Amino acid sequence: MYVEYHRNQKEIHNIEGYTHEPGINIRLEDTEVPEFKPTWLVRVEDMELIPGSSINEHYWALSYSWNQSGEIFKKPGTVDEYDRIDEGKHTIVSKEKRLFRHTRTKVKFEGLIQQICKDFGIKYVWFDQMCINQGNHDEKLAEIKRMHLIYKSACCALALIPELKITGRDEEFNIDIGNPYVVQEGQWSTRIWTLEEAYMSKQVLFVGTNAYFWSNWINLNGNFKGYEFIDNIRGEGKWKSGTALWYAKSRTSSKAHDRIFALANIFPELKDGITFSYKQPLTDLMVQFYTLLAQKDHSIICFGEPLAPIADSEMAKSREEEAKLLPSWSGAQGAHVTHQWFKKGYTGELPLDYSVDERIMRLTCNCIPVNIKTVDDIDVQDQVKDPNLYSDTGVPHHMYEFDDAIEHVKCTSEDKSLTAINTTSELQESNNFYVEIHGLKATHFVPTRMLEEAIIVNTLSKPTDIGAVFSLTDECTECLILSGIRFRRFHPIVKKHNDNYKAIGVCYIPAELEFDSALEINQTFVIE
């Protein structure tokens, strides 16, 4: 594809898309010049390569999708080798003030980047097409291993987002409005390397057709698409495994190995344990990475059923194949819980005897047995406490704003287990509220009844409320909540699988509640 860039840019200053007057505002944070420099940099003035060690000032790093640089084609006789043709059809639009008209200049990709850099006052820039010898296999792998340092040391990443543009106007306030949410919907957001680049950068300047914004300056007040991604790349939560894996699930790479190489650069402390070689079997590489990540962060087991399937059929098929090759605790069969809601991490300590050795995760913690029932098992007779609490089938679909006095999800059954109910299509929308903000689908709920003494009782008889919601990737009739492991409001769920266990999702429980300790048993789990 070819990109059009208007020099008469407008800055978007909030997530709703409202803009300032035309003009470029430089909002770089004041940071020291880093000791690390890339092997090569591009001097913007003449677009010549120079040794990175030859300068003692800041540089930028370009973040873009390779598809944006020209026409991409697969090399004949190869499986995942690609090349590009650039016929100089990228367009720079300039406004001539005296003549009140626009001129359109056709350039190659390097000329486009040169103009953008000049407009934003960038003197030195790093980008792969010029700074890595794509034909030298060893040099390319060496630079891939340093990718995290290249973007971490840059003063800012320049993200090319052609879909970002002025899309409307607020006539009342006479202000143009852009679409900043496309950072999570455009071509740039489909590539795994751009995820790594955004994660490692101090801040990101998103430049579009005729609008731009700075990741660290845009006002995120509001509830718009794209909020979570921008918040995550500038927050502490991004360093948790779940956040990176959630975004990585819907991103691709030209080479399958690059997905793992990019993720390894997001967690550079794992890099020394990763074999950076395209010759290594892909399955071995994936297991190698996920094992190292699980050893570092046990919240990798916090995942559930995705709220929506991956739209791209080829990508969806690829993820399904990956899930078959990886251990269940990797969460590859589901969607991970992101950590923007946790901010400072997650509650709960590391389980006892926790270890991960290639495909096996071992841990000891408290757990609660769960029996899975169907909606037909609920007694809906004479339960008219509040008709607004029930759907047309008589099943509860709201949850009270609990008092501080309500502290436990209690069990009244003799077998000392909770009961969870499969949701129906009628219940999906209402139950999803509690997990959809995490990108998960509600698959089951725990029916409860409020007694006069303000205690929640687990029951199938005359339920008045929902005490917890499950998001499971597998069907089952019995499972166990790992109640001893809590990531704020989430607990992992496992089920018996052959002689060991399989991770199948999470239980969401409101912050006001906790499980009754009388239900819990202590057990050692071997999760495959």
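Summary of values
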{"item": "Rounded if a/c under 1.5, otherwise prolate or oblate - region 4-124, Cα gyration tensor axes", "result": "oblate"}
{"item": "Within-13-Å neighbourhood charge of Glu358 [Cβ basis; K, R +1; D, E -1]", "result": "-1"}
{"item": "Per residue accessible area of region 464-528, 1.4 Å probe, in Å²", "result": "36 Å²"}
{"item": "5 angstrom amide H check on Lys373, placed H, neighbours 5+ away", "result": "Ala420, Ile421, Asn422"}
{"item": "Ordering of 288-301, 17-30, 263-276, 475-488 by packing [mean C-beta count within 10 Å, highest first]", "result": "288-301, 475-488, 263-276, 17-30"}
{"item": "Percent of C-alpha pairs per 5 Å bin, region 24-69, short to long", "result": "5, 16, 22, 22, 22, 12, 2"}
{"item": "Contour excess over end-to-end distance, with Cα ends at Ala518 and Lys74 and 0.36 nm allotted per residue", "result": "153.7 nm"}
{"item": "Approximate spin-label separation Ile85-Lys108, in nm, with each point projected 7 Å along Cα-to-Cβ", "result": "1.5 nm"}
{"item": "Centre separation in Å (Cα based) which lies between region 96-152 and region 252-291", "result": "26 Å"}
{"item": "Cα shape, region 113-225, gyration tensor, a/c 1.5 rule", "result": "prolate"}
{"item": "Unsatisfied cross-links (Cα-Cα over 23 Å) in the set Lys145/Lys202; Lys140/Lys240; Lys145/Lys279; Lys89/Lys317; Lys324/Lys496", "result": "Lys140/Lys240; Lys89/Lys317"}
{"item": "Overall form of region 259-366 per C-alpha gyration tensor (a/c, 1.5; a/b vs b/c)", "result": "oblate"}
{"item": "For q = 0.15, 0.18, 0.19 Å⁻¹, Debye-computed log10 I/I(0) when each Cα of region 184-331 counts as one equal scatterer", "result": "-0.83, -1.18, -1.30"}
{"item": "Karplus-derived HN-Hα couplings along region 305-312 (A = 6.51, B = -1.76, C = 1.60, θ = phi - 60°), whole Hz, x at Gly and Pro", "result": "6, x, 5, 9, x, 5, 5, 6"}
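The values are calculated or read from the model by the stated rules, or taken from the named source; none is laboratory data. Keep in mind it's a predicted model, so treat the numbers as computed, not measured. Quick reminder, even Gly has a Cβ in these numbers, built from the backbone with ideal geometry, and neighbours come from all protein chains shown. Just the protein is used for accessible areas: all its heavy atoms, side chains included, with ligands, DNA and RNA removed. Shrake-Rupley method; radii C 1.70, N 1.55, O 1.52, S 1.80 Å.
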